[in-house]
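The values are calculated or read from the model by the stated rules, or taken from the named source; none is laboratory data. The structure displayed is predicted, hence computed values, not measured ones. Ideal geometry is used to build each Cβ from the backbone, glycine not excepted, and the neighbour counts take in all protein chains shown.
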């Protein structure tokens, strides 16, 4: 294979990769497949408060059950309620989070 053929092959591969990357990005945007998560510190605080809001020790089994419900509720809430909305209206976030928690039980 000559240098010209190698360069041509490389350019074609990079072009195809770029086109495919843009196409996949368009699909993700079109179908809203990206999840806009809250900052990790906020997620931790929400889940921690959900599990044990009175800061008393709880049994491991209860902790695991609550953790499952709380993480499910937060994941579903993040899909419906953006972080910027959370910052603007915490009370609405709590209402949605509570509904999502009930759906996760």
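Assorted remarks:
- Residue within region 86-96 that is surrounded by fewer than 18 Cβ atoms within 10 Å (Cβ to Cβ), at pLDDT below 95, assigned to a helix (DSSP H, G or I) and touching a helix residue (DSSP H, G or I) at 6+ places or on another chain (Cβ under 8 Å) present: no
- Filter result (part of a helix (DSSP H, G or I) and either closer than 15 Å to residue 36 by Cβ or out of contact with any helix residue (DSSP H, G or I) (no Cβ under 6 Å at 6 or more places or on another chain) (or both)) within region 72-85: 74, 75, 76, 77, 78, 79, 80, 83, 84, 85
- Every listed requirement among (1) assigned to a helix (DSSP H, G or I); (2) touching a residue at least 12 places away in the same chain (Cβ under 8 Å); (3) surrounded by 12 or more Cβ atoms within 10 Å (Cβ to Cβ) is met by residue 37 save one, (1).
- Between 54, 26, the distinction of being modelled with pLDDT under 75 and assigned to a helix (DSSP H, G or I) belongs to 26 only.
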